[in-house]
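Everything on this sheet refers to the single structure shown next.
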Amino acid sequence: ALLTSAGLTGGATTEAFDAKVDKGLVLSSDPKPGQKLRPGTTVKLVISKGVELLAVPDVQGRSEAEATQSLRAAGFRVSVTQVFDDEAPKGQVVDQSPSRGTAPRGSTVALEVSKGPDLVGVPELRGMTRQGAQAALKAAGLKGRAFDIPNGSGTVVGQDPAPGTMVRRGSTVTYYVS
């Protein structure tokens, strides 16, 4: 209507995706706005189709490198957060957001990638009191189970697993108090 009121003719229109211009609005014209034109000149318009939505690939269970490559090839950016996971091997994608459906081209897909299980080293308990051993285990993120050896001095004389062994956080260490 604006073209007609200016004495111009509307020409062929095309559509293009655009993340900044809402669907149905004019993206551009040929000739460009502001040029002096003769009456009856044909003006071609490009109309926005809005944001292009793309299918989000499911990359859960893949390696971080494979997942990142797949998502970038599909038109997305990728952010990665490392998380402990007792079941997934180190480097494997354990979760993603969004995980399905569609998302705008160029948007970010957030990945959670396994660091493997949360392992801690077993502290040396021998020579400690029962209370000292419990405090050391708690500080390391472990639980303790004490067995008393009768007529002892009240100090830890043995433990299982051995000091320095890497175990999952929250595991139980057995120790013997003499």
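The values are calculated or read from the model by the stated rules, or taken from the named source; none is laboratory data. Small disclaimer: the values here were computed from a predicted structure and weren't measured. Virtual Cβ from ideal backbone geometry, glycine too; neighbours counted across all protein chains shown. Remember, those area values only see protein heavy atoms, side chains included, never the ligands or the DNA or RNA. Shrake-Rupley method; radii C 1.70, N 1.55, O 1.52, S 1.80 Å.
Below are the figures for this structure:
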{"item": "Selected residue (criterion: most open to solvent (accessible area, probe 1.4 Å)) from residues of segment 66-85 that are small (Gly, Ala, Ser) and in contact (Cβ under 8 Å) with a residue 24 or more places away in the chain", "result": "Ser79"}
{"item": "Selection status of Arg100, open to solvent by 80 Å² or more (accessible area, probe 1.4 Å) and touching a residue at least 40 places away in the same chain (Cβ under 8 Å)", "result": "yes"}
{"item": "Every pair of residues 6+ apart whose Cβ atoms lie under 9 Å, when the first sits in segment 35-56 and is more than 27 Å from Ala6 (Cα to Cα) while the second is open to solvent by 70 Å² or more (accessible area, probe 1.4 Å) and among the hydroxyl-bearing types (Ser, Thr, Tyr)", "result": "Leu53/Thr102; Leu54/Thr102; Ala55/Thr102; Val56/Thr102"}
{"item": "Residue list for segment 1-28, filter: hydroxyl-bearing (Ser, Thr, Tyr), open to solvent by 70 Å² or more (accessible area, probe 1.4 Å) and more than 30 Å from Ala103 (Cα to Cα)", "result": "Thr4, Ser5"}
{"item": "Contacts under 7 angstrom Cβ, first residue in segment 154-177 being closer than 16 Å to Gly127 by Cα and open to solvent by less than 60 Å² (accessible area, probe 1.4 Å), partner in a strand (DSSP E or B) and acidic (Asp, Glu), 6 or more apart", "result": "Thr174/Asp160; Val177/Asp148"}
{"item": "Flag if Pro31 is more than 29 Å from the chain's Cα centre (by Cα), open to solvent by less than 90 Å² (accessible area, probe 1.4 Å) and over 30 Å from Arg168 (Cα atoms)", "result": "yes"}
{"item": "From Ala133, Ala110, Ala88, residue being crowded, with 17+ Cβ neighbours inside 10 Å and within 30 Å of Ala67 (Cα to Cα)", "result": "Ala88"}
{"item": "Test for Val83: is it at pLDDT 95 or above, of a type in the set (Val, Ile, Thr), touching a helix residue (DSSP H, G or I) at 6+ places or on another chain (Cβ under 9 Å) and over 30 Å from Val21 (Cα atoms)", "result": "no"}
{"item": "Verdict on Arg126 being in a strand (DSSP E or B) and without any contact (Cβ under 8 Å) to a residue 40 or more places away in the chain", "result": "no"}
